[in-house]
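*Asks:* Just passing along the structure, written as structure tokens.
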Amino acid sequence: MAQMTGFTVWLTGMSGTGKSTMAAYIAARLRQVDRNVEILDENELEGALWQGMGDSKDERNTLVRRLGFVAGLLTRNNVAVLVPCVSPYKAAREENRRTIGRYIEVYVDCPTEKLIERDSTGRYKKALSGEIPNFIGITEPYEPPASAEVVIHSDQESVEEGAGKIFQSLLDLGYVTSEELKIITGKKMKAQPPTKTPVTRVSSAKPAKAAKTAAKAGKGAKARPAARAARVAKPAKKAAATKRKAR
């Protein structure tokens, strides 16, 4: 049976966060190791997949499903697919995750005020002035992923740093090999089990500390009722002795 080598990297985030730039960077590096790569950029495919559609929630989700359908076909045919797409709603993204299977989600995050500052197209300003209705992040909500494999803060991290996170995730899931990444990055990278990520260590440490605190509190809580019980028992013994004498 032929080995499955295709996968989809879905880059979600508000307009202007750098999704397309990141997709182009990753694609160029994957081609260095002779991977078949396709970029499905929502802006470039607008005429083919989005023509005649509006900006309602249902219409946006339809676009995301269409992109997901094409990405799934390519993935099954051993293509590395990169999809830079705002895709603001969780439900549609999760649907694609289930359908495609070999899939990682990359959340390219950037504060809205930063996006407005560096916006060279003027679309954010037009949205703020009401010239562009239904603009995600201004007049319409963006639903951030709750469990993305990779989170990139594009206002703080370079393209190279963000790409490193993506490559690490692809390696962890077995979608690329360490030999391929040595050619791409120039260094040996090792797969990291999900349970050993920094996030897991931090989150597990807090409950451990809380458990110790609770244990200490528990000792004190048990001691105080026991002491009270002893004080209550003494008068009871005296009352019993008085009764015996009266007899």
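*Asks:* Which ones in the range 1-38 are open to solvent by 50 Å² or more (accessible area, probe 1.4 Å) and either part of a strand (DSSP E or B) or of a type in the set (Asp, Glu) (or both)?
*Replies:* Once the filter is applied, which keeps residues that are open to solvent by 50 Å² or more (accessible area, probe 1.4 Å) and either part of a strand (DSSP E or B) or of a type in the set (Asp, Glu) (or both), the range 1-38 yields 34, 38.
*Asks:* Right, another one. Looking at the structure I just gave you, is residue 55 charged (D, E, K, R), in contact (Cβ under 8 Å) with a residue 60 or more places away in the chain and either exposed (fewer than 14 other Cβ atoms within 10 Å of the Cβ) or part of a loop (DSSP other than H, G, I, E, B) (or both)?
*Replies:* Judged against the criteria, residue 55 is a match.
*Asks:* Among the residues of the range 67-105 satisfying the criterion of being more than 20 Å from the chain's Cα centre (by Cα), open to solvent by 10 Å² or more (accessible area, probe 1.4 Å) and of a type in the set (Val, Ile, Thr), which is farthest from residue 137 (Cα to Cα)?
*Replies:* Only one residue fits best here, namely 79.
*Asks:* If we scan the range 50-57, do we find a residue that is touching a Leu at 6+ places or on another chain (Cβ under 6 Å) and at pLDDT below 95?
*Replies:* Yes, there is a match, as at least one residue in the range 50-57 is touching a Leu at 6+ places or on another chain (Cβ under 6 Å) and at pLDDT below 95.
*Asks:* In the range 39-52, how many residues are open to solvent by 80 Å² or more (accessible area, probe 1.4 Å), part of a loop (DSSP other than H, G, I, E, B) and of a type in the set (D, E, K, R)?
*Replies:* Going through the range 39-52 one residue at a time, the tally reaches 1.
*Asks:* If I filter the range 157-165 for residues that are assigned to a helix (DSSP H, G or I), polar (S, T, N, Q), at pLDDT 95 or above and within 23 Å of residue 109 (Cα to Cα), do I get at least one hit?
*Replies:* no
*Asks:* Sort through 207, 198, 194 and tell me the only one that's modelled with pLDDT of 50 or more and either within 26 Å of the chain's Cα centre (by Cα) or surrounded by 10 or more Cβ atoms within 10 Å (Cβ to Cβ) (or both).
*Replies:* Going through 207, 198, 194 in turn, just one is modelled with pLDDT of 50 or more and either within 26 Å of the chain's Cα centre (by Cα) or surrounded by 10 or more Cβ atoms within 10 Å (Cβ to Cβ) (or both): 194.
*Asks:* Starting from residues that are of a type in the set (Ser, Thr, Tyr) and in contact (Cβ under 8 Å) with a residue 40 or more places away in the chain, keep the ones in the range 68-107 and report whichever is nearest to residue 159 (Cα to Cα). Even if it seems obvious, please write down each step before you answer.
*Replies:* First, pick out the residues of the range 68-107 that are of a type in the set (Ser, Thr, Tyr): 75, 87, 89, 99, 103, 107.
From what's left, in contact (Cβ under 8 Å) with a residue 40 or more places away in the chain: 75, 87, 89, 103, 107.
Details: 75: 24, 87: 21, 89: 25, 103: 21, 107: 13 Å.
In this case the residue turns out to be 107.
*Asks:* Filter the range 130-149 down to the residues that are at pLDDT 95 or above and charged (D, E, K, R), then identify the one that is most open to solvent (accessible area, probe 1.4 Å).
*Replies:* 149
*Asks:* Among residues belonging to the range 108-155 that are without any contact (Cβ under 8 Å) to a residue 12 or more places away in the chain and within 17 Å of residue 18 (Cβ to Cβ), point out the one that is farthest from the chain's Cα centre (by Cα).
*Replies:* By that ranking, first place goes to 120.
*Asks:* Here is a follow-up. Yes or no: residue 127 surrounded by 19 or more Cβ atoms within 10 Å (Cβ to Cβ), touching a Phe, Trp or Tyr at 6+ places or on another chain (Cβ under 8 Å) and part of a helix (DSSP H, G or I)?
*Replies:* Judged against the criteria, residue 127 is a match.
The values are calculated or read from the model by the stated rules, or taken from the named source; none is laboratory data. None of these values were measured; they are calculated from a predicted model. Here Cβ is always computed from backbone atoms with ideal geometry, including for glycine, and neighbour counts include all displayed protein chains. The area values use the complete protein model at the heavy-atom level, side chains included, leaving out ligands, DNA and RNA. Shrake-Rupley method; radii C 1.70, N 1.55, O 1.52, S 1.80 Å.
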